[in-house]
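The values are calculated or read from the model by the stated rules, or taken from the named source; none is laboratory data. Fair warning: this is a prediction, and the values are worked out from it, not measured in the lab. Ideal geometry is used to build each Cβ from the backbone, glycine not excepted, and the neighbour counts take in all protein chains shown. Note: areas computed on protein heavy atoms with side chains; ligands, DNA, RNA excluded. Shrake-Rupley method; radii C 1.70, N 1.55, O 1.52, S 1.80 Å.
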Amino acid sequence: MAVNQEVIDKNLVRLTYEADADKVEEGLAYSFQKNKRNFNVHGFRPGKAPRKLVEQFYGQEVLFGDAEEYIITDLYYGSIPELGLKPVSYPQNVKVTKMDKDGMAFSLEVYTKPEVKLGRYKELEITEVPSALTDEEIDQAIRSEAEKNARMVTVEDRPAETGDTVTIDFEGFIDGNAFDGGKGENFKLKLGSGQFIPGFEEQLVGANTGDEITINVKFPEDYHAEELKGKDSEFKVKIHEIQKQEIPEINDEFASDVSEFDTLAEYRADLAKKLAENKEKASKAAMTEEALKAAIDNAELDIPECMIDAEVAAEIKRTENRVGMYGMTLENYCQYMGITVEKFRENIRPEAEMNVRRDLVLEAISEAEAISVSEEEFEKEFEQAAEYLKKTVEEVKEMFKDRRDDIAEEVKRRKAVDLIYETAVKVPAAEKQEPEEKAAEVTKPAAAKRKASAQKAEEKKEEDA
């Protein structure tokens, strides 16, 4: 076999192959075995006629189709390691220029993994995200927990206030005529929630239980129902009940009700510990994301569209699997979101491109830093997967025995991210400046110097005069 490699565009390579007579014979033999039951030769049962007779009866060309496919596939995939190629697409524009018993010639085109020209990825300047927990944050978390455990009590001694929940009947009219979707009974509405169109909830404030009132509002110009956009409307409303949220007193009893602790002090200390851990993780995640984005932005690479297409397809498949757990199809999900499947595909493309760019840059960094994966790290990956999948480590190893390279690449990418973060310079937000501001700061002393020199020169001239 002879193969010639030619770069015809960015990341697009044309490979031209020449197969000898022996390879053609191998392909013809494969094609005959695959199709022999389809040949009818007088005097022989299906599949029993010798190949020589089949070729005489039908012509050798009858075997060329599958023989060509066999030879192309075998030679292409066999040549990849030798050529050192990293294809990111299936072969395309396959052209057979010669096919007979003496040999075969063909060409194909394939996109390869793009070259990544790394920019700066270590010692990047990023904004420091404080991780210290404040007493106010702890207090707010406790108040939020108390609100979750609040109970609703009926109000009888005062009119409705913002924050109350009122139970109402309502019916809407435009020009004296009721409209579709404008009627409800025993509807619970929290005043101030913004659940109804602007002006509706505010006019219920001050009403008492049993009141029947008229509310006048105008539908927004961007309202989702075309027939109601910008229309003046009148709602007849009856208030059946007013309820307020009664938040439990924050004390030892509250702590014992919402946790396994007997005292508020113990509950607060445990909550503070968890909040601190979460805030530290969030802080690190935010700074890591900023550093990673900077490293990606600093790199230069041209991504073949086919790589982005593949990532879009993978994300769609992940979405289908995710919504399928709830008995939905992708079409159902998109309909629920108010978009078409094509629009969904369009929306996820920028993120898909970023995912591809990120993986390529991290792979380039892991190569530049000679990052490797030890057996201990492999073992840790298997142990974590076993815990997540509720299986034994040996079962997990068997499941992923053919995906060791994928696992290694994932670990290398994570280690590259760690390297970017750990070498980054964390700068307090108050001190961090945009490039333009830095440039201005640098030029200020020089400008001041020039001004001072000019003033001295002017003074010298006056003295000389």
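Structure values in brief
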quantity: Exceeding the 25 Å Cα-Cα cut-off - candidates 274/397; 190/273; 281/380; calculated: 274/397; 190/273
quantity: Rounded tilt (10° steps) of 404-423 against the dominant C-alpha axis of the chain; calculated: 50 degrees
quantity: Estimated [θ] at 222 nm from DSSP helical runs (n ≥ 4, -39500 (n - 2.57)) normalised by residues in the chain, nearest 500; calculated: -16500 deg cm²/dmol
quantity: Ordering of 110-116, 36-42 by packing [mean C-beta count within 10 Å, highest first]; calculated: 110-116, 36-42
quantity: Mean projection area, nm², convex hull over Cα of segment 112-154; calculated: 8.5 nm²
quantity: Cα long-axis angle, helix 305-324 against the chain (0 to 90 degrees, to the nearest 10); calculated: 60 degrees
quantity: Cα convex hull volume per residue for segment 177-292 (Å³); calculated: 204 Å³
quantity: Largest to smallest accessible area among 240, 224 [probe 1.4 Å]; calculated: 224, 240
quantity: Global form of segment 90-219, assessed from the alpha-carbon gyration tensor, a/c cut-off 1.5; calculated: oblate
quantity: Semi-axis lengths, Å, segment 1-115, gyration tensor of Cα atoms, sqrt of 5 times eigenvalues; calculated: 34, 12, 11
quantity: More than 19 Å apart - percent of Cα-Cα pairs taken over segment 273-367; calculated: 58 percent
quantity: Accessible area per residue in Å² at 1.4 Å probe, computed on segment 295-384; calculated: 60 Å²
quantity: Radius 11 Å from Cβ of residue 345, net charge of other residues (Lys, Arg +1; Asp, Glu -1); calculated: -2
quantity: Cα centroid of segment 176-190 to Cα centroid of segment 282-337, whole Å; calculated: 41 Å
quantity: Carbon + sulfur, % of accessible area of segment 219-326 - ligands and nucleic acids excluded, 1.4 Å; calculated: 48 percent
quantity: Segment 1-53: Cα Rg divided by the 2.2 N^0.38 Å rule of thumb; calculated: 1.84
quantity: Against the rule of thumb 2.2 N^0.38 Å, how large the Cα Rg of the chain comes out; calculated: 1.59
quantity: Accessible area of segment 98-180 belonging to carbon and sulfur atoms, whole % at 1.4 Å probe; calculated: 41 percent
quantity: Value of Rg to Rh for segment 291-428 (Rh from inverse mean 1/r over Cα pairs, i.e. Kirkwood); calculated: 1.04
quantity: Proximal lysines to residue 117, defined as alpha-carbon separation beneath 23 angstrom and excluding residues fewer than eight positions away on the same chain; calculated: 10, 86, 293, 412, 415
quantity: Positive-end residue of 276, 294, 374, charge dipole of segment 219-374 with Cβ unit charges; calculated: 276
quantity: Distance from segment 1-74 to segment 111-157 (C-alpha centre basis), Å; calculated: 62 Å
quantity: Degrees between helix 21-35 axis and first principal axis of the chain (Cα, 0 to 90, nearest 10); calculated: 70 degrees
quantity: Accessible area per residue, Å², segment 117-246 with all protein chains present, probe 1.4 Å; calculated: 61 Å²
quantity: Under 17 Å from residue 23, Cα to Cα: lysines that are on another chain or at least 8 residues apart; calculated: 34, 98, 101
